[in-house]
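Notes follow the structure.
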Amino acid sequence: MIPRHLYFAVSVLLLAVLGMSIYAWHMRGRAKAGSVTTLDSRPVAPPVAGATEQVTLFVAYDDIGVLHAQSARIPLPSVRQERAEELLRALLAIYLDKSSPHPLPAGSDVRSVYLVDPGLAVIDINAAFADGHRSGVLSEELTVASLIQTLTANLPGILKVKILVEGKERQTLAGHADLSNFYDVAAVNQLATQLQSTQ
Amino acid sequence: MRLTRHGKRRAVKGLLVGGISLLAFFLVFAAPAEKHLSVYSTAANYSVPVVQRQGHDYVGLLELLDPLGTVSAKAEASRWRIHYNHILGDFTAGKNHARVQGRDADLTGKFLIENGRGLVPLSSLNSLLPRFLGGPATLHPESARLLIGSVGTHFTASVAPDDASRLVLHFTAPVNPTIATEPGKLRMTFSRDPLIAPASPTLTFDSKAIPSATFSENNGAAEVTVSTTIPLLASFSPDGRTITLAPTKTQAAAAATTSPAATPPQTTPAAQSTPVNSPATVTRRYFAVIDASHGGSDRGEALSNTLAEKDVTVAFARRLRQELENRGISTLVLRDSDANISLDDRAYFANTTHAAVYIALHAASNGHGVRLYTALLPYTGQEDRGPFHAWTTAQQLAIPLSQATANSVAAELTKQQVRVRVLTSPLRPLNNVTAAAIAVEVAPPAMDLSQLGSADYQQLIAGAVANGIVAIRAQLGAAP
């Protein structure tokens, strides 16, 4: 005959095993949810609250290799520098969408835009943007023209633009488009005109 | 026959002297020349001995790393540990693998320990050294030369525009070769300089006096051998970056003599055949410079799993050179091998050859047909001063000609029913080139990417580009 205290001890142990299993299952679910949040470093959407404004985004289309001016209404802050960042994030949101006409690598973001008087804008993109960007002369120049044209068309007074990656200068975006020099906004404006036609 | 005592002594002496002489002969002449590895780095240029073990070349790892940083090594039975600037390498005698900073490293051969010295196969240095140094190391195994980091010195050679009997060599860094002459040749040996092979190992010149030069590498040194029909003298520029090979004074005087009656009868046939170009008839040595973009570790776009942009551009460059030369246009291909040339060096070469047109070649998987680019100049607050041009906007004056060239090529491509677009682009080094400069980006004709590597498609494009250059040749030739 099995002693009573043994029954009691086995029951307690079984209950403990059951409790630990439930706790482990719960922790697994939380860990999973946490890792998804870590991996998804896509830019945060602009704040939905506040007044929206009409802006022009210059959107690249890879299939025909053109840049199209596209009107959009987005909420914009009043501070000029924050407006610049929100403008480019709105553009990136199009490129990071599933049906993107000019896909950018997952996690691409504009870290900051610095507006330095007189007439200099510095766009600081993150490493994911540059490291995973598709290589090719046209592909890279569409990205550069799209960023600069969108910024300068909506924020007048910018004469030259510098693009940094993680706060540092880089030779090229992905092997072709030059990032070592300052972009002349007037020259990029002409390029954008060329890129709006397929000829 | 019996030898006297004195005779015996003489015979023994003779044998002894003969034996010693024979031994000395073998020691002097039969011993193989000691092989060494020449190492070039920003920290120091030096050489380390190469030893042969089990039919393979080996070098001591400690001796190799010693001039580059703080290094110490310790041997314990079959294990050998090396510390280089806080990086630990763990090696085991007889093993093909080692561990560097806890990660596996392939040695391509067995590791050896001899008298406490750790020996690694020479062929393993390409993959092993970056683990210690944190940067690239390029081994030239045939010549036993090791380049650590981007220290390579590139060069161009062209005959002087005003005198076809003078060869001018431009180097990207000061050089100090030893120079030797022999009948028909002038040999420059670069044992202290990390000279890199030009696009083609054999360079040909439009000169009867100096028809060609060849680049070779052997036992830790690079050599440039210039073929010549006249005796040449080498002179160095003060900065050591330019070497000019010119006829000796006697030859120059003979060449300068215009009256046939005054020509010395003893002049050699070679000297008689030396062309003397009058400045009025001087033409450019290379009319076109073709730059196959990317190369080496820079693969460009991965067009497919097996096709890299750098391979397509070099194949296309060779075809285009052929097409241009078939049309009488002397052409230099800047990259005719898998070399990694910096953007600045590409522009430097293009500018120092004084070519009339620079054509950069690219390939892309997106879109169809061909896209032609001229420079989109960067913003600069500087202005050119006198004869000096700002490096970033050196293309400024040539932009109208570059656009005319792109339009001419576009017209020829359209004739061949190839889809073409002409755009400006922030694509270096177009903005650094002083001559007319265009970039040609070739995309597949349809959805099939493999067409990019197809000989027929490349031939079609190369032919049209060459026709476009020929069509604008007169205008390009008149360029400043």
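The values are calculated or read from the model by the stated rules, or taken from the named source; none is laboratory data. As the structure is a computational prediction, the values presented were derived from the model and not from experiment. Heads up, the Cβs are rebuilt from the backbone with ideal geometry, glycines too, and the neighbour counts pull from every protein chain shown.
Residues in the stretch A:138-169 that are more than 8 Å from chain B (Cβ to nearest Cβ) and either in contact with a Cys (Cβ under 6 Å, 6 or more places away or on another chain) or among the hydroxyl-bearing types (Ser, Thr, Tyr) (or both): A:THR143, A:SER146, A:THR150, A:THR152.
Every condition in (1) in contact with a strand residue (DSSP E or B) (Cβ under 9 Å, 6 or more places away or on another chain); (2) closer than 23 Å to A:GLY65 by Cβ holds for B:ASN366 except the one numbered (1). Scanning the stretch B:101-116 for residues that are farther than 18 Å from B:GLY55 by Cβ, assigned to a strand (DSSP E or B) and modelled with pLDDT under 90 turns up B:ARG103, B:ASP104, B:ALA105, B:ASP106.
Of the residues contained in the stretch B:421-444, one or more are found to be farther than 25 Å from B:THR353 by Cα, surrounded by 15 or more Cβ atoms within 10 Å (Cβ to Cβ) and under 28 Å from the mean Cα position of the chain (by Cα).
At least 1 residues being touching a Lys or Arg at 6+ places or on another chain (Cβ under 7 Å) and at pLDDT below 85 is the threshold, and among the strands (runs of 3 or more DSSP E) wholly inside the stretch B:28-77 those reaching it are B:45-49. Is it the case, given these coordinates, that B:ARG187 is touching an Asp or Glu at 6+ places or on another chain (Cβ under 7 Å) and within 30 Å of B:ALA43 (Cα to Cα)? Here the answer is yes, as B:ARG187 does meet what is asked. Within the stretch A:65-84, residues that are assigned by TED's automatic domain parsing to the domain that holds A:ASP117 reach partners that are buried (at least 18 other Cβ atoms within 10 Å of the Cβ) and of a type in the set (Asp, Glu) with beta carbons closer than 8 Å, at six or more positions or on different chains, in the pairs A:ILE74/A:GLU86; A:PRO75/A:GLU86; A:LEU76/A:GLU86; A:PRO77/A:GLU86. The set of residues from the stretch B:57-72 being under 16 Å from B:LEU107 (Cβ atoms) and either free of Cβ contacts under 8 Å to residues at least 24 places away in the same chain or not acidic (Asp, Glu) (or both) comprises B:TYR58, B:VAL59, B:GLY60, B:LEU61, B:LEU62, B:LEU64, B:LEU65.
For the stretch B:293-300, the criterion of being of a type in the set (S, T, N, Q), within 13 Å of chain A (Cβ to nearest Cβ) and more than 27 Å from A:GLY132 (Cα to Cα) is satisfied by no residue at all. For the stretch A:157-174, the count of residues that are charged (D, E, K, R), surrounded by fewer than 24 Cβ atoms within 10 Å (Cβ to Cβ) and touching a Lys or Arg at 6+ places or on another chain (Cβ under 9 Å) is nonzero. In this structure, A:SER135 does not qualify as among the hydroxyl-bearing types (Ser, Thr, Tyr), part of a helix (DSSP H, G or I), surrounded by 18 or more Cβ atoms within 10 Å (Cβ to Cβ) and within 8 Å of another protein chain (Cβ to nearest Cβ). If you go through the stretch A:184-197 and keep only what is more than 7 Å from chain B (Cβ to nearest Cβ), surrounded by fewer than 19 Cβ atoms within 10 Å (Cβ to Cβ), touching a Phe, Trp or Tyr at 6+ places or on another chain (Cβ under 9 Å) and within 22 Å of A:GLY65 (Cβ to Cβ), you end up with just A:GLN196.
Residue pairs whose Cβ atoms lie under 7 Å apart, separated by 6 or more positions or on different chains, with the first residue in the stretch A:170-183 and touching a residue at least 12 places away in the same chain (Cβ under 8 Å) and facing chain B (nearest Cβ under 7 Å) and the second in a loop (DSSP other than H, G, I, E, B) and hydroxyl-bearing (Ser, Thr, Tyr), are A:GLY175/A:SER135; A:HIS176/A:SER135; A:PHE182/B:TYR379; A:TYR183/B:TYR379.
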